Amino acid sequence: MRTQPFISQSTHPELMIQKSAAQWKGLIETYRSYLPVSNATPVVTLLEGNTPLIQVPYISKLVGKGVQVFVKYDGLNPTGSFKDRGMTMAISKAAEAGAKAVICASTGNTSASAAAYARRAGMRAFVMIPDGYVALGKLAQALLYGAEIIAIDGNFDEALRIVRQLSENYPVTLVNSVNPYRLEGQKTAAFEVVDALNKAPDWLCIPVGNAGNITAYWMGFCEYHQQGYCDRLPKMMGFQAAGSAPLVMGKQIHHPETVATAIRIGNPANWEKALAVKDASQGEFNAVTDEEILEAYRILAAEEGIFCEPASAASVAGLLKLKDRVSSGATVVCVLTGNGLKDPDSAIKVSDNAVKSVIPDLATVAELMGF
Ligand code: F0G
C-alpha cells in the first residue's frame, strides 16, 4: 500500500546511506547485520518496513503538557500490517530450510501476510481462522493470495493450539509469532523509531493480542541501546481490549470478545515474554473499552487523516486514557499496526457521516454544498 519510500533520519551513517538510496531494499537487506540471515538465506521480500513515524498534533494537544505524540504507521506495509516485518524473516528462513508449506492461526492479518510471502516463495499457505471474526479486507487478501483457508467454529486460541500440533506432526512450518524469526523481523520497527527520532521515546504504546509485537519492539530497543544508538529505553505500555484482556486480568479469558477482532485473544502465546518486557521496561498492561477504541479510531481518521484498523487504535485509546500520567514534554510513540482498509465494515458502522445523493446538476450540487 506504500507508494513512496519514506526516508528517515538515521542515527548512524551506514543506514543513512542505505535509507537515502532511491530504492528501499526491504528490512532484511537494510538491517542484515542485526538479523539471523546469511548469504545462504533466500530473501523473500515485498520491500516491507521503512514505514513513516507521523506527528499527530491533535492527539498531542489532547494529551497536553507539551507531550509530543507520534504514530508508527505500520499499516503501510505491503499487505497492510506490521506482520510483513515478521513474515519476510519467517518465510525466508522457511525457504532456507527447504519448507514447502507454512501454516498459521490468525485473526486475519497474519493470514494475509503469510499467504502473500508464502505464495511469493512458491509455498502452500494454510491459514486457520475463527469463522465469522475476520475483517473483510483480510479475508479478501488471503483468498486472492491463494491461501488454503480453514475456518473453525472456535476462537484464535483454539486455532493456534491446532496449528501448533499440525506443525509438530506434519511437514508444515508454523509462522505464528511463536516462530522466533517473526520477532526478529518485527524488532526492526523499533530500529526505525530510533532512527527517526534519534532517541527512544519515553512511552511506546502498543496494542497487544498474542503479545509478539510488544516482545519484538523491546528486543529492538534493547539491541539499539546496546549498540549505543539510544541512551535510554522506553516504558512499554501494552493495551488490550477490555473483553479480551488476559494480561491485565492475570488470567486466561475463555470467551474473548471485542470489536477489535485482530486482538480478540484470550491466551497469548507470548504471555511470559510479555510479562518480562513489562517488568524490564517498568511498563504496564491496561485495558481499553470498545467505546474508547472506536473513539480513538474515529479521532485518528477525522482529526489526523490517518486510517488504521480498530485494534491499532487501542494504542492511542490507551494513551488518551492514561494521559494524566505522562510526564510533561515526554515523547510518545503509538504503534498503528494495521491499515484501516482492512476493515471497511467497522469504518462504515462507526462513522456518523453520510453520503449525500443528488442529481447531476451544477446548481443543485452547489446548493447542497451550502454555496
Ligand atoms: N494489531 C493488529 C492489527 C493485529 O493484527 C494484531 C495481531 C495485533 C495488533 C496484536 O499483535 O499479537 O503481536 O500482540 N494479529 C494476529 C493475527 C493475532 O492473526 O493477525 P500481537
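Below are the figures for this structure:
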| read-out | value |
| --- | --- |
| Cross-link table Lys138/Lys356; Lys25/Lys273; Lys25/Lys199, entries beyond 27 Å C-alpha to C-alpha | Lys138/Lys356; Lys25/Lys273 |
| Neighbour-count order for Lys65, Lys356, fewest beta carbons within 10 angstrom listed first | Lys356, Lys65 |
| Shape call, the stretch 233-371: gyration tensor on alpha carbons, a/c limit 1.5 | prolate |
| Normalised convex hull volume, the stretch 63-199, alpha-carbon set, Å³ per residue | 129 Å³ |
| Spin-label model distance (nm) - Thr364 vs Glu257, 7 Å beyond Cα toward Cβ | 4.5 nm |
| Extension reserve of the Gln165-Trp271 stretch, reckoned as 0.36 nm per residue once the Cα distance is removed | 36.3 nm |
| Proximal lysines to Lys93, defined as alpha-carbon separation beneath 17 angstrom and excluding residues fewer than eight positions away on the same chain | Lys83, Lys187 |
| Largest-first principal axis extents of the Cα set of the chain (Å) | 65, 47, 47 |
| Rg/Rh (Cα only; Kirkwood hydrodynamic radius) as it applies to the stretch 75-155 | 0.95 |
| Candidates Ala302, Ala211, Ala241: whichever shows maximal mean-square fluctuation once the chain is modelled as a Gaussian network with Cα springs under 10 Å | Ala302 |
| Nearby aspartates and glutamates by direct alpha-carbon distance to Lys349 (threshold 17 angstrom, same-chain neighbours under 8 apart not counted) | Asp290, Glu291, Glu292, Glu295, Glu309 |
| Charge dipole (the chain, unit charges on Cβ, about Cα centre) - positive-most of Val44, Gly212, Ser328 | Val44 |
| Calculated diffusion of the stretch 294-363, Stokes-Einstein form, Kirkwood radius summed over Cα pairs, 10 °C and 1.306 mPa s, µm²/s | 114 µm²/s |
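Read the figures in this text as sums done on the coordinates, not as results from a lab. Computed from a predicted model, the values in this text were never measured in an experiment. So basically every Cβ, Gly included, is an ideal-geometry build from the backbone, and we count neighbours across all protein chains shown.
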